[in-house]
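Data first, discussion second: the structure below is written as structure tokens.
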Amino acid sequence: MLLKDFLSEGVKALGSLYPASEAHSIMQMLCEERLGTKSYTHILEPGYTIRPEDVPVLASDMERLVSGEPIQQVIGKAWFFGEEFRVTPDVLIPRPETEILCQEAIRLCSGKQSAPRILDLCTGSGCISWTLAMAIPGAEVIGVDISDKALEVASTQDFKACIEGSGARAPRFIHADVLDTEQSFAHGMFDLIVSNPPYVMDSQKAQMRVNVLEHEPGLALFVPDEDPLLFYRAIARWSRRFLAEGGKGITEINDLLGPETAAVFSEAGFATAEVLQDLSGRNRFVLYS
Ligand SMILES: C[S@@+](CC[C@H](N)C(=O)[O-])C[C@H]1O[C@@H](n2cnc3c(N)ncnc32)[C@H](O)[C@@H]1O
């Protein structure tokens, strides 16, 4: 089969799930991963023919994509902050907005004399922990999650080559229930606490795409409508217990609940709790200290 035909048929097959431009990007990602082709191969080489031995894998990939499985799960990887992270159905696929959280966190740590200690609550794939560990030389990062399967993914991300000889330290990953705020956690104090906890209200499910609802872990996403800020109260409590003098916290939030989320941190006793917006003006993070 010609590559150009496979691409156009694939875009058509994904048409009911994704806008055409996104379907096109998904097909490009698939071909790049499985065939090693580039986004322009089908244009420069219109006669490029897919080898018969590659066809069965592509056919099974297409079946998964058409069933709504995200491309990142089909190919087992996602790009985040310029690095390739392993993903499985047990972890949230890292989102672009979380890259902004990492940028802010790196900015908060810049200019510090000593390497910071960082706690990442609800670490999932470990994308925040690994990004900060690799970007901030010497940073000691601990990632916490309740899901053993997520912790397995986080702790086996393959960044040995980036870490070795760079002065960076691999993060440590620890099992804990963040909602159990009074548990013993004997890992010292932290200069920065970061988090991207579950924050999507159950009632928001109706606006979400089927491929997210059916293929990403509900544990990573949803909170009850009756108590949508439960993780923030817990994060505020962890921060009261484990933030060092002068330490800061930053957490991703539900954009519908910006002021309410900031109020959780003010009420917990933090002197400042500021809602940060993204470039499109959406409430994205609360920064507190
Ligand atoms: C929104 S995902 C964030 C994952 C990752 N930090 C990211 O930004 O892509 C939330 C994570 O919280 C974890 N989680 C859910 N409930 C938890 C709890 N009670 N204690 C600790 N982690 C929890 C889930 O397993 C999931 O990995």
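The values are calculated or read from the model by the stated rules, or taken from the named source; none is laboratory data. Everything quoted here is computed from the prediction, not taken from an experiment. A quick note on method: Cβ atoms are made from the backbone with ideal geometry, for glycine too, and the neighbour counts reach across all protein chains shown.
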Looking at Leu65 and the list (1) at pLDDT 95 or above; (2) over 16 Å from His215 (Cβ atoms); (3) not basic (Lys, Arg), which single condition is not satisfied?
(2)
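Within segment 85-105, does at least one residue satisfy the condition of being touching a His at 6+ places or on another chain (Cβ under 8 Å), in a helix (DSSP H, G or I) and within 11 Å of the ligand (Cβ to nearest atom)?
No, because not a single residue in segment 85-105 is touching a His at 6+ places or on another chain (Cβ under 8 Å), in a helix (DSSP H, G or I) and within 11 Å of the ligand (Cβ to nearest atom).
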Residues satisfying the stated conditions in segment 76-88, i.e. surrounded by fewer than 19 Cβ atoms within 10 Å (Cβ to Cβ) and not small (Gly, Ala, Ser)
Lys77, Trp79, Glu83, Glu84, Arg86, Thr88
Quick check: is even one residue across segment 131-142 in contact with an Asp or Glu (Cβ under 9 Å, 6 or more places away or on another chain), within 9 Å of the ligand (Cβ to nearest atom) and under 27 Å from His215 (Cα atoms)?
no
Would you check if Ala186 is free of Cβ contacts under 8 Å to residues at least 12 places away in the same chain and either surrounded by 15 or more Cβ atoms within 10 Å (Cβ to Cβ) or not in a helix (DSSP H, G or I) (or both)?
yes
Tally of residues being more than 9 Å from the ligand (Cβ to nearest atom), modelled with pLDDT under 95 and part of a helix (DSSP H, G or I) across segment 205-232
10
Any idea which of (1) away from the ligand (no atom under 16 Å from the Cβ); (2) assigned to a strand (DSSP E or B) is the one Asp61 doesn't satisfy?
(2)
From the options Asp158, Asp148, residue that is within 12 Å of the ligand (Cβ to nearest atom) and surrounded by fewer than 16 Cβ atoms within 10 Å (Cβ to Cβ)
Asp148
Filter result for Gly246 (surrounded by fewer than 16 Cβ atoms within 10 Å (Cβ to Cβ) and either at pLDDT 95 or above or assigned by TED's automatic domain parsing to the domain that holds Leu119 (or both))
yes
